[in-house]
1. Once you charge only the Cβ atoms, +1 for Lys and Arg and -1 for Asp and Glu, what is the size of the charge dipole of the chain about its Cα centre, to the nearest 20 debye?
2. Compute, for the range 272-359, the length of the dipole vector about the Cα centre, with Cβ point charges of +1 (Lys, Arg) and -1 (Asp, Glu) only. Units Debye, rounded to 20.
3. Scale the Cα Rg of the range 69-304 by the rule-of-thumb value 2.2 N^0.38 Å and send over the ratio, two decimals.
4. Read phi for every residue in the range 91-103 and hand back ³J(HN,Hα) as whole Hz from Karplus 6.51 cos²θ - 1.76 cosθ + 1.60, θ = phi - 60°, with x for Gly and Pro.
5. What does the highest-first list of 103-111, 117-125 look like by mean Cβ count within 10 Å?
6. What dipole magnitude, in Debye to the nearest 20, does the range 175-329 give about its Cα centre under +1 on Lys/Arg Cβ and -1 on Asp/Glu Cβ?
7. Choose one answer from Leu308, Leu169, Leu229: the residue with the largest mean-square fluctuation in a GNM of the chain with alpha-carbon springs under 10 Å.
8. Tell me the net charge near Ser251. Cut-off is 13 Å between Cβ atoms, Ser251 excluded, with +1 for each Lys or Arg and -1 for each Asp or Glu.
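Read the figures in this text as sums done on the coordinates, not as results from a lab. Since we're looking at a predicted model, the values are computed, not measured. Methodologically, a virtual Cβ is constructed for each residue, glycine included, from the backbone with ideal geometry; neighbour enumeration extends over all protein chains shown.
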Amino acid sequence: MDSHVFSITEQRTYVICLATNLIPLAPTRNQFCLEVTSEQTNIMAATQTSGDEVVVVDLRSDTLTQPSPLMKQAMVEAPLGDDVFGEDPTVIALQKKVATLLEKEDALFFPTGTMCNLVSVLTHCQQRGSEVILGDQSHIYLYEQGGISQLGGVHPRAVRNLPDGTFDLHELRKLVRSDNVHFPVSALVCVENTHNVAGGKVLPLDWLDELGATCRQLGLPLHMDGARLLNAATALDLPPARLVRSCTTVSLCLSKGLGAPVGSVLAGPEDFIERARRTRKAVGGGMRQAGILAAAGIFGLDHVYPTLGRDHRLLQELAKAVEACGSKIIRCDPQATHTNILLVDCDLNVVTPEALCNRMGQATQEEVMSLGEHVIVQMLPITDTKARLVLHCDVTPNQVQSAARKLRYVIKELDSDC
Ligand SMILES: Cc1ncc(COP(=O)(O)O)c(C=O)c1O
């Protein structure tokens, strides 16, 4: 690797780094030292001399946020202690804050949402042969490596998720096991809000209340994977505690829309959280001076949570831009787009989600000429027919407008190819 110094602005370096996957080293006032291959040097030199700036709009996930300078300052200044001894004042403050916000007795800090859900399920299901009923499109079922079975011997029983992220409560009742020596023991129901695979959908409040009543009748506790619960609360303009009133336990991610680099919090009854603290230690989640991370979560709750509505409004602009194309090939439903996740449907006879994402990740010469800007939009194929775009606090209104112009251009191009 060669090391080169380029005298360019911070903004420009950032754009170039995103476009070339480089990491800036040792930034000075307006010079950045970059480790680059000679091929990358040529791309950068060409970009500098031609003056055609590449605008990269990364809409793959809301986990991509960078901690802001003020968030970093809060982290650096946080008072710390050993959290395994229960002595980190910043962790204690975060846990209290989340417990109060969700109106639960107590809360516990975790490094990740996956560990938070895992420990919650394992703590609910301490009897061997336990079974958890959960949505067949839920994150715990699809994307957590089957950790509840792999590490905890808990058997998952999937109930079919409906397109709005809910499931049929009659189906749920049918899946609860009777007392029979051949069966596992139904021990827990899980629900996800907002629902990621359903496209950031907010679960209807009356359905949640009915689910809570059903679980109480069945004598089963209810865990909510509320990784994006605060997006749901923002969309409904309700205190988050209202959304989790029927839930025994809730996990809440700090490292998604709230912009923190790390962290999730599990909230629930005091005795449950005490048992979860032991399970967290067993899976390696007992962190020491974790307040440096918890401080970012507190900052996110205080300063980023109130801005989630902005992400939702900007995403509506993007959804309406796609809808306004009137395309039969790429479609979306702004009405069914509730929060910060947009799903676009692809007509597989013309384009797959992978092909659409590839096309959005490139710019043709004609396109740059026509749009007057060189825009790369990064997005993810999420199902066989759908691609996903996600907004968060680091995506600016200008970037959203650039992404909307690019989407319109690409959709028109696909339409004209048919
Ligand atoms: C709904 C949901 N739950 C849980 C998680 C897991 O969070 P983490 O990536 O922090 O493990 C995610 C991550 O994207 C998620 O979308």
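1. 700 debye
2. With only Lys, Arg, Asp and Glu charged at Cβ, the dipole is about 640 debye.
3. Compactness ratio reported: 0.98.
4. So the Karplus estimates, Gly and Pro as x, are 5, 4, 5, 5, 4, 5, 4, 5, 4, 5, 4, 9, 6 Hz.
5. Result, highest mean Cβ count within 10 Å first: 117-125, 103-111.
6. The dipole of the range 175-329 has a size of about 440 debye.
7. Leu169
8. +1
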